[in-house]
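The values are calculated or read from the model by the stated rules, or taken from the named source; none is laboratory data. These figures come from a predicted structure and were not determined experimentally. Please note: Cβ atoms are built from the backbone with ideal geometry, for glycine as well, and neighbour counts cover all protein chains shown. Remember, those area values only see protein heavy atoms, side chains included, never the ligands or the DNA or RNA. Shrake-Rupley method; radii C 1.70, N 1.55, O 1.52, S 1.80 Å.
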Amino acid sequence: MRMEEVLEQFLPSSELAPQRLHQAMRYAALGGGKRVRPLLAFAAGELSSAPLARVEAVASAVELIHVYSLVHDDLPCMDNDDLRRGKPTCHVEFDEATALLVGDSLQSLAFQIVAERPIAHSPSLQLEMIRLLALAAGSRGMAGGQAIDLASVGKTLNQTELEFMHIHKTGALIRAAVLLGAHCGDGVDSGQLDAVNHYAQCIGLAFQVVDDILDVEASTATLGKTAGKDAENNKPTYVSILGLNAARELAQELHQNALSALVEFGDQANRLAQLADFILRRPF
Ligand code: GRG
């Protein structure tokens, strides 16, 4: 797959010192994952007729931040998991300290890429894109969502609180993938950006609702990560709050809203629509 080659080139060689850290970064980032966020960035780039090299850079940066979050999430101090993307988690294959540094280094590499590569038609837009990515990854985005998640174990959340958590934990980076992809070109106006933003918010949440359903319905072998973890860890989920059927209906409603946001783009949004379908129907 093309994304694999692109990431391969951005990641430091495993021959380069410190070799063990670089080997572990490559272990975590290469050879697995659905690459949903890069695919979203590419699809959004099509809306703005974005040059491929720009989208490759932002897609890689978002995926590297995603991989860092998975590596840290799997650590014993967080979710304590030993299986990810069908193979032993980074801290199991290497060690905890290395996994911690892998996450740190992947995040730094992501920001290095979007700072070094030309990703926008103007320096001010490039800076705004870097700011957007920083917000999505930080305490007002993914890391903040993770903090809420950790604090919610064993608690009863209502649907609004659960939504707030997931908009940050999962939704923020998905939204960043879409917006950064769209910003790589110059073919979208601010009204269209609002529509893309709405699409991204809907599929970001749908992604999480489906994730909660899969945690109950799919097997560990299919998921490539431990199934049933949410119930085991006493975590509030859409399934535990709404029940399976209502969770399925919510996913469908969000999917429909996402598609409605794309209407004004016509065929140019076909790939974004296909990805919304995939997010709803994904088997893992
Ligand atoms: C540690 C700062 C920090 C954040 C962790 C994203 C996250 C926050 C934790 C991942 C744990 C998890 C299961 C989250 C729910 C949804 C989700 C993001 C699943 C993993 O994403 P996929 O399905 O994974 O896109 P692949 O492996 O296909 O890339």
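Each principal axis of the Cα atoms in the stretch 1-61 has its own extent, and those three values, largest first, are 40, 20, 16 angstrom. Only Cα pairs under 8 Å and 6+ residues apart enter the sum, and on that basis the relative contact order of the stretch 222-284 stands at 40 percent. Taking 205, 162, 150 in turn, the Gaussian network model of the chain (Cα-Cα springs below 10 Å) assigns the largest fluctuation to 150. Highest GNM mean-square fluctuation, the chain, Cα pairs closer than 10 Å: which of 44, 134, 176? Among 44, 134, 176, the largest mean-square fluctuation in the Gaussian network model of the chain belongs to 134. Placing dummy labels 7 Å off each Cα toward the beta-carbon, the span from residue 16 to residue 164 is 4.2 nm.
If you wrap the Cα atoms of the stretch 151-191 in a convex hull and average its projected area over all directions, you get 3.9 nm². Given R₀ = 30 Å, what would the calculated FRET efficiency be for residue 193 paired with residue 252, taking r from the Cβ atoms and rounding to 0.05? Calculated value: 0.70. Accessible area per residue for the chain, computed on protein heavy atoms with a 1.4 Å probe, is 44 Å². With kT/(6 pi eta Rh) evaluated at 25 °C and eta = 0.890 mPa s, and Rh the Kirkwood radius from Cα pairs, the stretch 2-281 diffuses with a coefficient of 129 µm²/s according to Stokes-Einstein.
Convex hull volume of the C-alpha atoms in the stretch 215-284, normalised per residue: 88 Å³. Between residue 152 and residue 49, the simple spin-label model (points 7 angstrom out along Cα→Cβ) gives 4.2 nm.
Ligands, DNA and RNA left out, the accessible area of the stretch 2-281 computed with a 1.4 Å probe is 52% carbon and sulfur. The Cα-based radius of gyration and maximum Cα-Cα distance (Dmax) for the stretch 128-276 are 16.1, 47 Å.
Relative contact order for the stretch 2-281: 22 percent, from Cα pairs under 8 Å spaced at least 6 residues apart, divided by residue count. All C-alpha pair distances within the stretch 132-200, sorted into 10 Å bins from zero, spread as 21, 42, 25, 9, 2 percent across the bins. Taking each DSSP H run with n ≥ 4 as -39500 (n - 2.57) and averaging over every residue of the chain yields -21500 deg cm²/dmol at 222 nm. Can you pull the Rg over Rh of the stretch 11-130, Cα-only, Kirkwood? Rg/Rh for the stretch 11-130 comes to 1.01.
Per-residue counts of other Cβ atoms within 10 Å, averaged by peptide: what ranking do you get for 110-120, 218-228, highest first?
110-120, 218-228
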